[in-house]
Amino acid sequence: MANYQDIDISEYSENPLIDALPKFLNKKEVLSAILKPPAYFTEEREHDELKRDIYTERLDSCIIPNNKFYKAYKKIYKLLLKSYQYRNPLKVTTKQLLNNTASNGIAAPYPEILKTIIAASSFITGLSGMGKSYMIDNILSLLFEQIINHENYKGNNLNIKQLVYVKFNIPSDASRRTLCLNFFKSVDNILGTKYESKNKNRNIPISDLELNMKKVCLLHHIGIVIIDELQNLSLAKSGGAQQIMAFFESLSNEIKVSLLFIGTYDTYDIYSRSFKTARRMAKEGTIDLEQPKEDDPVWNQLVDTLWKFQWVPSPLPMTADIKKVLYKRTQGITFCTVTLLKFANVQAIEEDEDSITEETINQAYKEEFKLFMPALDALREKNYAAYDDLMPLAMRRMLNRKKQHVLSISQDAKNEPEENWDSDDITTSSPSRTSYCSANSEGEKNGTIDKIQRKKRLKESAQEVYNRLESSGFFITNLDSI
């Protein structure tokens, strides 16, 4: 049942959907509420091998929050406020909005006052394994009620069920139809409704499915729609990603529901194409869970905290050398750090060792991290060719600028009249021509290109030019300077 408390901010006052939200917490309260260390008793160190092995699994479910958790909490709270600000169930405009959406604009006009209001959105990104979804899931489950029942608010009979947040994934095939069904399934799992089965008929146009999503958001007073695995949009068929992002913009701007996107760095290729797309995704800003450096205080705090939980007879104190080995093996990735410490415990227990040492950690890495080794090696060597989702945003921005520069040069070269490209002119041409022709490849000698090769290259598309220059090593750079 709703427990109302005035938020004491004028623009959000007298709104039951806002007054029913939990009170805003300060940083200390948030971190304290989320903190969940593993259960641990010193006498467990003396238990038999099997029990101690099982105890190590507690590390997987522990939560060691940091400042990014509080930043994410504040964003979520503000997204809720902005979402409900213009959907107060006591206001006539909210009823007009519901009637307008339910009838697809036939039964009632769109409320004039809402036409200039831009809905809120935010974006959580970072490396795979840094805990983006885990952070958001724990903030939501520990600090917010998902369902709030309303009966009476200051003498007004409401009888409504408020669904504070809904979270679902972009499907692996990036299908618009499957995306809609994923949303309906999430709502069904929470409320016990049957929206998914009602909308599963493939004869239903996608436009109707998207309209039904808007209706469900309004009917159940959804505060935030959280879209995870956003990087799957990169797998969409030609134009598919833009269509989905356009729908999200329509969803948020028409019914004023806030959106929270979660995805790896692969999403950069989606939102970097236009400022409009970036604005759709992160009007309220971005949180980047980037790879920490070895001296990062957050990573060091995590390691120091987890090191206290060892199920061996004589735990050693943390040392700089142990941290160095841990960082080398995990590259600071949260998932890898927690997992390696767990396996180091298991390794020591199985080998009947009294303590976890650097050698224990290295051995656990060799035996248990075989699937992760190639990716961690690539991250350690800054070789991102095989693992695109590991490439940092700074590197992506730099490569994107270089790519656009080369594509621009190659397009200019294609547009120039062929007769201007004399062989004598190749070596004395402008810098742009020199850049276009200077990559090492078959057929190039001493900066000149024979006429046949030159004609062939003038027929290349801009993308083909970029691919050729990239394969020749044109883009190799000192990654440490980024």
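The ratio of the alpha-carbon radius of gyration of the range 176-328 to the globular-protein estimate 2.2 N^0.38 Å is 1.45.
Take the Cα of K308, step 7 Å along the line toward its Cβ, and report every residue of the range 14-55 whose backbone nitrogen sits under 18 Å from that point. Once the point is set 7 Å along Cα→Cβ of K308, 28-45 turn out to lie under 18 Å by backbone N, inside the range 14-55. Measuring r between the beta carbons of Q5 and F335 and using R0 = 45 Å, the FRET efficiency lands at 0.75.
Legend: calculated FRET efficiency, K154 to Y40, from the Cβ-Cβ distance at R0 = 45 Å, rounded to 0.05, equals 0.40. Inter-label distance, K324 to L25: 3.9 nm, where each label sits 7 Å from its Cα along the C-beta direction.
Once you divide the Cα radius of gyration of the range 126-231 by 2.2 N^0.38 Å, the number left is 1.20. Once you reduce the range 226-258 and the range 171-214 to the center of their Cα atoms, the two points are 14 Å from each other. Using the Cβ-Cβ distance between L90 and D296 with R0 set to 51 Å, the FRET efficiency works out to roughly 0.60.
Each label point was placed 7 Å from the Cα along the Cα-to-Cβ direction; for S103 and S250 their separation is 2.0 nm. Shown here for the range 281-319: GluC sites (Glu not before Pro) in loop regions (DSSP other than H, G, I, E, B) with at most 14 other Cβ atoms within 10 Å, namely E294.
In loop segments of the range 278-341 as defined by DSSP, the trypsin sites (Lys or Arg not before Pro) with at most 12 further C-beta atoms inside 10 Å of their C-beta are K293, K308.
Values quoted throughout were computed directly from the atomic coordinates according to the rules given, and no laboratory measurement underlies them. This structure is a prediction, so every number in the text was calculated from the model and none was measured. No Cβ is skipped: glycine too gets one built from the backbone with ideal geometry, and neighbour counts run over all protein chains shown.
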